[in-house]
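Report on the following structure.
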Amino acid sequence: YQALDRFLDRRVAVKALQARLADSEFARRFADEARITAQLQHPSIPPVHDVGVLSDGRPFLAMKLIKGRNLRDLIKSQ
């Protein structure tokens with residue numbers, strides 16, 4: 001998803017776990033992914049700006065928004 005970081009006035013990409021997986025082992029793995037990704041610094045890895053829990057209980061992470069074509073459109077054009 002794409003969202004607006006109101007505090008810093010910038011667009012960010014948001015990755016959220018599916019609701020049906022919010023109370024599962026996947027939630028722990030999602031948190032691990034966010035923690036590990038936040039520690040990495042590489043031009044091909046978007047930096048993580050924030051992590052948290054949505055009002056419906058799903059964990060999320062917000063990261064740098066990379067503009068360009070999405071994977072679905074790229075595959076369709078091949």
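Remarks
- Solvent exposure of the chain amounts to 83 Å² per residue of accessible area, where only protein heavy atoms count and the probe is 1.4 Å.
- All lysines inside 22 Å of residue 76 as judged from Cα atoms, apart from same-chain residues fewer than 8 positions distant: 67
- The share of accessible area on the chain that comes from carbon and sulfur is 53 percent, using a 1.4 angstrom probe.
- FRET efficiency for residue 8 and residue 78, using Cβ-Cβ distance with R0 set to 25 Å, rounded to 0.05: 0.10
- Karplus-derived 3J(HN,Hα), 6.51/-1.76/1.60, for each residue of the range 36-46, Hz, glycine and proline x: 5, 4, 5, 8, 8, 10, 8, x, 8, 10, x
- Convex hull of Cα atoms in the chain, direction-averaged projection (nm²): 6.5
- A cut-off of 5 Å between modelled amide H atoms, ignoring neighbours fewer than 5 places along the same chain, links residue 49 with 62, 63, 64.
- Each residue of the range 12-17 is assigned a 3J(HN,Hα), and the resulting list reads 9, 8, 10, 10, 10, 6 Hz, derived from the Karplus form 6.51 cos²θ - 1.76 cosθ + 1.60 (θ = phi - 60°), x at Gly and Pro.
The values are calculated or read from the model by the stated rules, or taken from the named source; none is laboratory data. Every value quoted in this text rests on a predicted model; they were computed, and no experiment measured them. Note that each Cβ is placed from the backbone with ideal geometry, even for glycine, and that neighbours are counted across all protein chains shown. SASA here: full protein model, heavy atoms, side chains in, ligands and nucleic acids out. Shrake-Rupley method; radii C 1.70, N 1.55, O 1.52, S 1.80 Å.
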